[in-house]
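Chemist: Below are the structure tokens for one structure; questions will follow.
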Amino acid sequence: MGRSPHCHRHCAAPEKPTPSPSPPHCTAFVACRCDAMPSPSPSPLCNITGIVLEMDRILRPGGRAYIRDSVTVIYLVKETAEAVGWKADLGETEEGPYASRRLLRCDKPMSHR
């Protein structure tokens with residue numbers, strides 16, 4: 001399992017690439033999936049808050065994020081996701097209710113209040 005989030009576009013890229021610095025095609029995603037977040041660290045380049053904020057930026061309104069990780073990390077991500085305004089629900093992985101890993105499903109609202 002990789003450590004980087006996998007995101008799924010909700011629209012196709014243009015057929016011909018353009019030389020402009022900001023692409024004219026859609027840059028929002030319907031869903032992001034992350035199988036392992038980086039360990040909590042004080043590094044500004046690799047922290048959970050920054051990752052959740054970036055996921056919030058690239059997810060379209062109404063999009064979802066699925067995160068599977070250890071219980072400790074999942075609770076940190078849940079706290080951050082709720083602070084951003086997402087609805088976050090905890091669930092079990094295929095390993096069962098006593099596993100050390102959990103699944104967090106986050107829904108980005110259609111509008112931030």
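Chemist: On alpha carbon coordinates alone, what is the Rg over Rh value for region 35-113, Rh being the Kirkwood radius?
Modeler: Numbers: Rg = 12.4 Å, Rh = 12.9 Å.
Here Rg/Rh amounts to 0.97.
Chemist: Gain in length, Ile58 to Thr93, computed as 0.36 nm per residue apart minus the alpha-carbon separation, to one decimal in nm?
Modeler: That pair, Ile58 and Thr93, stretches by 10.1 nm at full extension.
Any read-out appearing in this document is the output of simple, stated calculations on the displayed coordinates, not a laboratory observation. Bear in mind that the values here come from a model prediction, so they are computed numbers and not experimental data.
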